[in-house]
Each structure stands twice: as C-alpha cells, then as structure tokens.
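Engineer: One structure is given below, represented as structure tokens, and several questions about it will come after.
Read-outs: derived from the displayed coordinates by stated rules, not from any lab. None of these values were measured; they are calculated from a predicted model. Please note: Cβ atoms are built from the backbone with ideal geometry, for glycine as well, and neighbour counts cover all protein chains shown.
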Amino acid sequence: MKNFTNFLAATLILLGGVSVVNAQAPTEPAPALPYADENVGAFYSAVYDVVSTWQALVWGQNATVTDVEIGDDQAMKITNLDFLPMQLDSKYVIPNDFDYIHLDVFPSADTKFRIGFQCFGPAFEIYSKFYDLKGGQWNAVDIPLNEFEWPLKNDAQERIAQIMRFGGDEGTVGYASEIYISNIVAYKGEPVNNKPKAPTEPAPALPYADENVGAFYSAVYDVVSTWQALVWGQNATVTDVEIGDDQAMKITNLDFLPMQLDSKYIIPNDFDYIHLDVFPSDNTRFRIGFQCFGPAFEIYSNFYDLKGGEWNAVDIPLNEFEWPLKNDAQERIAQIMRFGGNEGSVNYASDIYVSNIVAYKGSPVGIAQVNRQDEAIHIYPTLVADVLNIEGEESADVTIYSVNGLRVDSYNNVNGFINLSHLNKGFYIVSAKLADGKVVNKRIIKQ
C-alpha cells in the first residue's frame, strides 16, 4: 500500500481502535479505480499517494470515525453521523482541470449523503447536493467539482481543500447509523460504472394473488394477451433473453417501442398500479404509455429516474394516466403499450431489460421503488434502523400502520424525519397525507 492515510492515532485509541465489521458492513473491498496517478489527488486511498494526512476535529458532533480492514483494503467507518469535519494537515489545492471527486460509500441502510469543504482562509464552507444511497452495498458517488461554489482568485476557482466535511444539515437529515467510505479521490476524467451492464439474477418475484393481477409479461401469472412489436420506423429492437429460470425483454437502442396486444385488455377500475422491473445498462430516464385506435388516445406516465446496473421496481399509479371516460368513469383500455418516447429529447440507456409487467390491485411491496421526478414527498429508507426521513415541499400528516392495517402511530406536520426506534422489527406501511389530500404510501421494514 502506498502512503495509506492514517487517522489521528489519538482518535483511534480514544475510539477503541479498528472496529469489527458487522452484518450490515461490507465484506468485500470497494471496486478498484482505473485512473492514472497523474490524474488523481487522493485524500483516502490504498493505491494512490495521498495529498496529506488528516485528522478528525472534535466540534461537539455525535459522529465517530475509525479505520476498519476489509480484505486487503481499508475503509473509514463513520458511526452516528450528524456532521464530521476532517482536517488535512496541509492544504491541498485541487487542480482546475480535475473534474470530479469520487467516494465509494457503503451505508448500513438506505440514506442520504453529502460532503463539503471548509477553509479558514479564505473563509468558506461549501457543500455538494444530497445523494440517495442504497444500504448494504457499495455506492460509487462521483460529484462534479463545479457543483461546489468555490471562492474565486483572479477570476478562476480556487479549489482549496483544508477541511472535508461529511454529512451536516443537522436535525433535518437522519443518516444511516453506520457509513463506510473508501477511495476518496479528486480526479481528471469521467466516472467509471463498475456495475454490470446486464442482469445475472432474475427480477424479484411478486407476491400478489392471481385474482388481483392482470399480467402483460410474466413467467408466473397468466398473461392477458400475447403481443408483438410494431415496426413504425423506430430504432429500438426487442428480444427475449433468459435470466436464470426467468426471462426478460431486452430493449436495445430505445427511442420508442410500441408493443401491440393481440386482443384489447380493460384494466379493472379497482386496480391501483402497473408494475415493471427494469434493469438499465446505465442510469436512465424511463416511462411507458398506452395507445388505442378506438377510442383514439395516446397517454404516458411521468418519467422515472432509474439506476443502472440493478433492478429497479417501477410502480406507476394507474390514475397517473389520463384515460378516456365512458359513462363518467375511466375506461382503462390497453391495446398498445409504448416504452420510451419523447424522441430526440431523451437519451435512454443503450440496453434496458424489462420483466414482471403487471397491473395489480394493492400497494407496492417489491424491491425499493424508484421515485418519479415530480414526487410530492420522499419517504426513505426502506430498511429503517431508527430514523425515517419524510421530506417534501410541504409538511404531511403521517400515520404508521401494521401490515394488518392497524394504526400503530401518527405524527402531525412532518417535514424532516421521525424516530421509529420504539417499533418492533417487521413490516409497516407509512401513509403521508398532504394538505391537498394526496396520500403517499410506502412499505418499510423496521430492523
């Protein structure tokens, strides 16, 4: 290892030395980075020479930090993060031709996360935006250096790194109880996606009863109709691929893709959502639509932001579509399902795998659901240790229900977080009601 950063020895002694990795901790090191030495300024690395040693400052925070060994690598383990300032023993000026700062972050549960920089002279304190991270896995966080409001010197940014701050915004963000960080480097170049480009495991199975499902594409449920791709001049192509004991549609070069059912299907009005499991090769936007020749209409969902290299559960409220009316009620006719669209203004991932396309009656219960871009309120994480974050443009009245529908607790005017440490382990439904009467539900697991 080359000049591996070593935290202040007194800090390690005070905090009890290297901690033991637990069940919610990484068992494998973070992926190696491919950048050449001359294109990297490393703050914490087992591979690159570090720009300076550093130490934790004690400014009244709850957060503590230790080094932990993970295989032949090491990581910082931050416990009880509220904010954590780490001071470099010598200032480092990040070159102006560097593009990003990279961190590999492994939180014990889904969490928000951000970093900042602080300097005493010239005095400034600046932060990145918040990033949503998934618990129980390494997350590659690549933050554009231009995202920070650096001070100017001779009309150019002066990117001074004297103190790096983790977390912050105390009292409004509940971070995961344990956060492991490795490979903290500023670098010149573009982010590298270490995630797989195609799924190696099937999408998770769905739990809904047969009578509550209308399936368009499924290996488990009876489908409502066979269907075929229409050729309307699009670039997109579609094939079936086997994934373990399941299969998925593989859409390549998506611009738009119309798939026509061999017979129309009327989605029952008491059904609530349409579900798709989607695995894009890279981060992408995604949407679906419905089209019919008689009565003639073409309607679309909102765009959803999907993460590349993993299965995303997309649960779209059926009321999100502007269905035609018949006798003053929605007539939910499915004749053609369209994937993508809005040609020319959206670049989709090159390969998109889709499985488990079903309309259903009930609430979403699959893998962590993605948020549509205009979601009024954000409830996270799915796996809750103590703190559940509930954030939006306005406050909400929140009720917690057991999976049997019994009210467990309620909170008024929430916009921040609630502490659920008193709840027993198990599944719960969180129902957040906004001032306009809209209700957002989310299934959580209390650990």
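Engineer: With r as the distance between the Cβ atoms of Glu28 and Ile299 and R0 = 60 Å, compute the FRET efficiency 1/(1 + (r/R0)^6) and round to 0.05.
Structural biologist: The value I calculate is 0.85.
Engineer: Quick one: length gained pulling Val192 to Val220 fully straight, 0.36 nm per residue minus the C-alpha distance?
Structural biologist: 6.5 nm
Engineer: Per-residue HN-Hα couplings for segment 237-251, Karplus 6.51 cos²θ - 1.76 cosθ + 1.60 at θ = phi - 60°, whole Hz, x for Gly and Pro?
Structural biologist: 10, 9, 9, 8, 10, 8, 10, x, 9, 10, 9, 9, 7, 10, 9
Engineer: Let me have the relative contact order for the chain, percent, based on Cα pairs under 8 Å that are six or more residues apart.
Structural biologist: Relative CO of the chain lands at 13 percent.
Engineer: So, one more: In percent, how large is the relative contact order of segment 210-360, given Cα pairs closer than 8 Å and 6 or more residues apart?
Structural biologist: Worked out over segment 210-360, it gives 35 percent.
Engineer: With +1 on each Lys and Arg Cβ and -1 on each Asp and Glu Cβ, how big is the dipole of segment 63-139 about its Cα centre, in debye rounded to the nearest 20?
Structural biologist: Here segment 63-139 has a charge dipole of around 340 debye.
Engineer: Please find the FRET efficiency linking Leu406 to Ser90, where r is the Cβ-Cβ separation and R0 is fixed at 41 Å, and quote it to the nearest 0.05.
Structural biologist: Rounded to the nearest 0.05, the efficiency is 0.10.
Engineer: Distance from the Cα centre of segment 72-132 to that of segment 144-168, in angstrom?
Structural biologist: 11 Å
Engineer: Please get the size of the charge dipole for the chain, origin at its Cα centre, with Cβ charges of +1 on Lys and Arg and -1 on Asp and Glu, quoted in debye to the nearest 20.
Structural biologist: Dipole about the Cα centre, nearest 20: 500 debye.
Engineer: Along the positive direction of the dipole of segment 184-301 (beta-carbon charges: Lys, Arg +1; Asp, Glu -1; about the Cα centre), which of Ile267, Thr226, Tyr187 reaches farthest?
Structural biologist: It is Tyr187, whose Cα lies furthest towards the positive end.
Engineer: Would you please give the residues with an amide H less than 5 Å from that of Val93, counting only those at least 5 places away or on a separate chain, with H modeled from the backbone geometry?
Structural biologist: Residues meeting the criterion, in which the H sits 1.01 Å from N, are Ala161.
Engineer: Still on this structure, I have one more. Give the residue list of trypsin sites (Lys or Arg not before Pro) in segment 90-140 that are DSSP loop and have at most 10 other beta-carbon atoms within 10 angstrom.
Structural biologist: Lys129
Engineer: Report P(r) for segment 210-360: all Cα-Cα distances, bin width 5 Å, range 0 to the bin holding the largest distance, values in whole percent.
Structural biologist: Per 5 Å bin, starting at 0, the Cα pair percentages come out as 2, 9, 19, 24, 22, 15, 7, 2, 0, 0.
Engineer: Now for a different question. Could you tell me which label, among (1) 1.29; (2) 1.08; (3) 1.04, carries the value of Cα Rg over 2.2 N^0.38 Å calculated for this structure?
Structural biologist: It is the one labelled (2).
Engineer: Another question, if that's okay. Label points 7 Å out from Cα along the Cβ direction at Gln157 and Asp262: separation in nm?
Structural biologist: Those two pseudo-labels are separated by 5.7 nm.
Engineer: Order these by the 10 Å Cβ neighbour count, fewest first: Asp270, Asp37, Asp305.
Structural biologist: Asp270, Asp37, Asp305
Engineer: Oh, and also: Near Phe148, within a Cβ-to-Cβ distance under 13 Å, what is the net charge of the other residues, with Lys and Arg +1 and Asp and Glu -1?
Structural biologist: Result for the neighbourhood of Phe148: -1.
Engineer: Arranged by the count of other C-beta atoms within 10 angstrom, fewest first, what order do Ile101, Ile336 take?
Structural biologist: By the 10 Å Cβ count, ascending, the order reads Ile336, Ile101.
Engineer: Which of the pairs Lys134/Lys307; Lys91/Lys112; Lys197/Lys250; Lys361/Lys446; Lys264/Lys361; Lys77/Lys112 have their Cα atoms more than 22 Å apart in this structure?
Structural biologist: Over 22 Å Cα-Cα: Lys91/Lys112; Lys361/Lys446.
Engineer: Assign unit charges at the C-beta atoms only (+1 for Lys and Arg, -1 for Asp and Glu), then state the dipole size of segment 9-187 relative to its Cα centre in Debye, rounded to the nearest 20.
Structural biologist: Roughly 420 debye, rounded to the nearest 20.
Engineer: Suppose the chain between Glu242 and Asp397 were pulled fully straight at 0.36 nm per residue; how much longer would it get relative to their current alpha carbon spacing?
Structural biologist: 51.3 nm
Engineer: Okay, helix-only estimate at 222 nm for the chain: each DSSP H run of n ≥ 4 adds -39500 (n - 2.57), divide by all residues, round to 500 deg cm²/dmol; what do you get?
Structural biologist: -500 deg cm²/dmol, from helical runs alone.
Engineer: I've got another one for you. Segment 9-187: Rg/Rh from Cα coordinates, Kirkwood Rh?
Structural biologist: Ratio value, two decimals: 0.94.
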